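One structure is given below, encoded as structure tokens.
Derivation of every value follows stated rules applied to the coordinates shown; laboratory data play no part. None of the values given here were measured: they were computed from a predicted structure. When we count neighbours, we look across all protein chains shown, and the Cβ atoms used for this are built from the backbone with ideal geometry, even at glycine.
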């Protein structure tokens, strides 16, 4: 089960909120209407959008000046950031983000991330922060995910078993994206893990995305104040 299964049909509700082109860069930033309806979350996203756009404008302009000065070809920069709904439960709005950037090299890169909006507290929460510790989360989730990753990497690369000199090792929880999903819209009952390019494999292998059910072990790793938002599958 891949990340698309975790996100589900809610990914279709994403609407564009900003896009733009210049001689130096292409820029797009999108987030879903569920996030737009929450005023403080929308304000944070709009601030992030402005920050991202200012950064690419500044960096692309610098690169153009350097290219002209040093006599090498200028390649147009690109930045695309898109937030999607993973789950919308009574207490939380769970979002994923895909962040693509190109800055003149051989190829661009894609990074992932996640965010929870706690409706009760009115604040953003890192999905990993609802667990008692990174060690507890690692122990509850990563053994099963890493068994899948090893088999999947063998399928993608061919002839790879276990680890190699550089890639294929089970990553630390701090190096992966964690997304909390729901099959019923009432409680989190599945957990997605995404390893970005270069975390467990080469750029050509792409991201490694897999979804696991919330088990009793996962529930025990959740902080007591958040356990009511989870359900074992």
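Observations
- Theoretical gain in end-to-end length, residue 157 to residue 103 [0.36 nm per residue, Cα-Cα removed]: 16.7 nm
- Candidates 130, 157, 218: whichever shows maximal mean-square fluctuation once the chain is modelled as a Gaussian network with Cα springs under 10 Å: 157
- Diffusion coefficient, µm² s⁻¹, Stokes-Einstein with Kirkwood Rh over alpha-carbon pairs of the stretch 128-229 at 37 °C and 0.692 mPa s: 230 µm²/s
- With 0.36 nm allotted per residue and the present C-alpha distance subtracted, the residue 91-residue 55 stretch has 9.6 nm of extension available.
- Principal-axis tilt of helix 134-157 within the chain, Cα atoms, nearest 10 degrees: 60 degrees
- Its alpha carbons give the chain an Rg and a Dmax of 19.3, 61 Å.
- Residues of the stretch 57-88 with an amide N closer than 15 Å to a point placed 7 Å from the Cα of residue 48 along the Cα-to-Cβ direction: 80-87.
- Taking the stretch 77-105 and a reference point 7 angstrom along Cα→Cβ of residue 66, the backbone N atoms nearer than 16 Å belong to 77-78, 102-105.
- At R0 = 25 Å, FRET efficiency that the Cβ-Cβ distance of residue 166 and residue 135 yields, to 0.05: 0.50
- Nearest-ten-degree value, helix 39-70 long axis tilted from longest Cα axis of the chain: 40 degrees
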